[in-house]
1. Assess whether L55 counts as being more than 14 Å from the ligand (Cβ to nearest atom), in contact with a strand residue (DSSP E or B) (Cβ under 8 Å, 6 or more places away or on another chain) and modelled with pLDDT of 95 or more.
2. Any residue that is farther than 30 Å from S267 by Cα, in a strand (DSSP E or B), touching a residue at least 40 places away in the same chain (Cβ under 8 Å) and within 20 Å of the chain's Cα centre (by Cα) - is there at least one of those in region 196-206?
3. For region 281-318, enumerate the residues that are closer than 29 Å to S80 by Cα, of a type in the set (S, T, N, Q) and assigned to a loop (DSSP other than H, G, I, E, B).
4. Listed residues P179, P243; which is farther than 30 Å from F334 by Cα and either among the β-branched types (V, I, T) or surrounded by fewer than 18 Cβ atoms within 10 Å (Cβ to Cβ) (or both)?
5. Picking from G189, G162, which residue would you name as being crowded, with 24+ Cβ neighbours inside 10 Å and either touching a Leu at 6+ places or on another chain (Cβ under 9 Å) or not basic (K, R) (or both)?
6. Among the residues of region 301-318, write down those that are within 16 Å of the chain's Cα centre (by Cα) and either surrounded by fewer than 21 Cβ atoms within 10 Å (Cβ to Cβ) or among the β-branched types (V, I, T) (or both).
7. Of the residues in region 289-309, how many are aliphatic (A, V, I, L, M) and at pLDDT 95 or above?
8. I'd like to check which strands (runs of 3 or more DSSP E) are fully inside region 1-100 and have at least 2 residues that are within 17 Å of I181 (Cβ to Cβ).
Amino acid sequence: MRPLVYGRTATPAVRALEEALAALDGSDHAMLTCSGQSAIVVLLSAMLSSGGHVLLPDSLYATLRKYCIEELPRFGIEVSYYNSRIGKGIAELIRPNTQLIYCESPGSHTFEMQDIPAIAEVARAKKIPLAADNTWATPLYQNTTKLGADISINACTKYIGGHADIVMGLITCSKQYYPTIRRTFRNMGICPGSEEVFLCARGLRTLSLRLRQHQENALALAHWLSKQPEVERVFYPALPTDPGHALWKRDCTGASGLFSFELKPASKTALAAMLDHMQLFGMGVSWGGYESLILPFRAQRKATPEWQPKGPTLRISAGLEHSDDLIADLSAGFKRMKEAV
Ligand SMILES: *Cc1c(COP(=O)(O)O)cnc(C)c1O
C-alpha cells in the first residue's frame, strides 16, 4: 500500500471510502473527487490530448455537454454525439484519432438504456477505452465493469451520499488505466473535503435500503402516472412498456428513483398552477436524496430525432416518503392544472 503523504492525495478516511467503493463496484481502483463533474473532467483530461476525438451519447449529463462546448475546443479536441440507442453501430463513428468512448446508461432526463456490452466489444476490438457514467443505477444496481466498461463515473452527490448534503465524485477503473488517470488526478489537485468523505461513508451504509425504497416509490408513481389522462408517456426503464426495458432487465439488478414523463400539451399557466403548490415535492436540480423532487426540463437532443415532445416534460426524483402521499400530491397538482387551463 502507498504511504499516506499529504492530505490532498489521500487521508485514511478517503482511502477507506475508496476501498469500499472499489469493492462495491468490482473495480481494481477508486479515486474520490470534489464533485461528479470534476470526476468527469479528470477523466477527460487524462484520456484526451490535442488532435484527439471523443464519442459521447446524446443523452449525456448537461454540464458535461457544456464542458465539451465551452472548454474542449481550446485544447483541439473533437467531440461527436451519438444516438444513445446506437449499440454496436458505434463502430461506424470511430475515427483514427478516437481516444475515448463515453456512455451514460440510462441517459440524463430521457433515460435511454445503452447497450454497453455491444459498445464494449467494439471498443475492445479497436483498443479504445470505454467509460460509463453509472450515477443513476449506482454500482449496486449496475456493474459497468462486468458489462465491459474500463472506467466508471459516479456522482456520490446523488444516491451514494443519499442525503442531499454533499457534493462528491468517484472514478473507478481497471489496473490498465489507473496509472494514467491517477497521474492527472494528482496533478489537478481535485480532492473531496473531510466532512464530505465522512458523510458519504455514512450514507453508503444505508444505500441498499434507500435504493429499495426509492425504486418502490418510483415504480408506484410511474405506474400511476402512465394511467393518467394528463400524461402522454413515462420514461423509466423499469416499466415493461419502456423501450429500454429489455436492456435494463439484462444489465441492471434494480432501478433507482429517478424518471421523467411528458404531459399532454398544457399552457405555462396550467403547469405553474400544478408545480407552484406541491406539498411534498420540492423543485430542485439535484436528485437521489430522501425528499421527492419534481422539475420541468428541456432536453437538448441533436442525434436523437425521435425526441420530439409535444407537451411539457418533467423529471421526478422519488424520495423516501410514502408513495400514497406522493400520488395524492401529484393528483392534487393535476386537478389545479385542469382548473387553471
Ligand atoms: C449530477 C450528475 C453528475 C455531476 O455530479 P456533481 O456532483 O453534481 O458535479 C454527473 N453525472 C450525472 C449523470 C449526474 O446526474
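The values are calculated or read from the model by the stated rules, or taken from the named source; none is laboratory data. These figures come from a predicted structure and were not determined experimentally. Don't worry about glycine lacking a Cβ; one is built from the backbone with ideal geometry, like all the others, and counts go over all protein chains shown.
1. yes
2. Checking region 196-206: not a single residue is farther than 30 Å from S267 by Cα, in a strand (DSSP E or B), touching a residue at least 40 places away in the same chain (Cβ under 8 Å) and within 20 Å of the chain's Cα centre (by Cα).
3. Of everything in region 281-318, those that are closer than 29 Å to S80 by Cα, of a type in the set (S, T, N, Q) and assigned to a loop (DSSP other than H, G, I, E, B) turn out to be S286, Q300, T304, Q308.
4. It is P179.
5. Details: G189 fails: crowded, with 24+ Cβ neighbours inside 10 Å.
Residue meeting the stated conditions: G162.
6. Pass one, region 301-318, residues within 16 Å of the chain's Cα centre (by Cα): 315-318.
Within region 301-318, I316 is the sole residue that qualifies.
7. So the answer is 3.
8. Because the criterion is at least 2 residues that are within 17 Å of I181 (Cβ to Cβ), the strands (runs of 3 or more DSSP E) in region 1-100 that meet it are 29-33.
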